[in-house]
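Since every read-out is calculated from the coordinates, none of them should be taken as a lab result. The model shown is predicted, which means the values in this text are computed figures rather than measured ones. Cβ placement follows ideal geometry from the backbone for every residue including glycine, while neighbour counts extend to all protein chains displayed.
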Amino acid sequence: MTKSELILRLSELNPHLYQRDIERIVSTIFDEITNALARGDRVELRGFGAFSVKQRSARVGRNPRTGASVDVSEKFIPFFKTGKELRERLNDQQAHEPETT
Amino acid sequence: MAEGTMTRADLTEAVYQEVGLSRNDSAHLVETVLSEIVEALTRGEPVKVSSFGSFTVRQKGQRIGRNPKTGQEVPILPRKVLVFRASHVLKGKINRALSKAPARTPEAGEPGSSASSTP
């Protein structure tokens, strides 16, 4: 499912809303998560999961081909931890619904 | 927002501010977005959100684990796990905002330095 398919699906479920409002809602949600992470905040959505930012400190890396050392600066990586309920749901389904699209 | 953690309530508030819906409808929409993502994933379908990232379900095989306290071997059953891969756009935004390195500020806008952008 892509973002645009998600928007179409939400429009079907909410026929009383304009599609352009649905688009704004979906964009707002992902923009808000992005902005929170860009402030270094966590985003915790119970049952779904939590987004956080992990810091990787600066290190001296090596070019694996030449062996030359390179300075790798400090960086921040977004991280997602699946929530308990979602983790369980991914595995319940296994028995009954092997592959449907 | 409560000490550095964003929750559904904050997302609802943002949607409420952005679109002319009631708080109730905003909360409902936030919930539906999440549950539609969950449903796609439980069908085994990947979810790709452009300029944010993608969620994919990966099948893990059985392996032998060990109880770290007792050292006893226990089989870890085959299972499905969710993997999130952040897009380059998301990584870029986070790094630009959080990096302390002053040499990289976008306002500096050195025209010659564009060759060595982030990998």
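Quick look at the values:
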quantity	calculated
Lys/Arg +1, Asp/Glu -1 at C-beta; the protein assembly as shown dipole; positive extreme among B:Leu41, B:Phe55, B:Val81	B:Val81
Segment B:Ser35-B:Arg63, extension gain: residue separation times 0.36 nm, minus the distance between their alpha carbons	7.0 nm
Approximate spin-label separation A:Thr66-B:Val89, in nm, with each point projected 7 Å along Cα-to-Cβ	3.4 nm
Coarse-grained scattering of the range B:1-44 at q = 0.16, 0.19, 0.22 Å⁻¹, given as base-10 log I(q)/I(0) from a Debye sum over alpha-carbon atoms	-0.48, -0.62, -0.74
Cα-only radius of gyration and Dmax that characterise the protein assembly as shown, units Å	20.6, 62
Inter-site label distance for A:Ser4 and A:Ser27 at 7 Å from Cα along Cβ, in nm	1.5 nm
Volume per residue of the C-alpha convex hull in the range A:3-96, rounded to whole Å³	192 Å³
FRET efficiency, A:Glu85 to B:Ala97 (Cβ-Cβ, R0 45 Å, nearest 0.05)	0.90
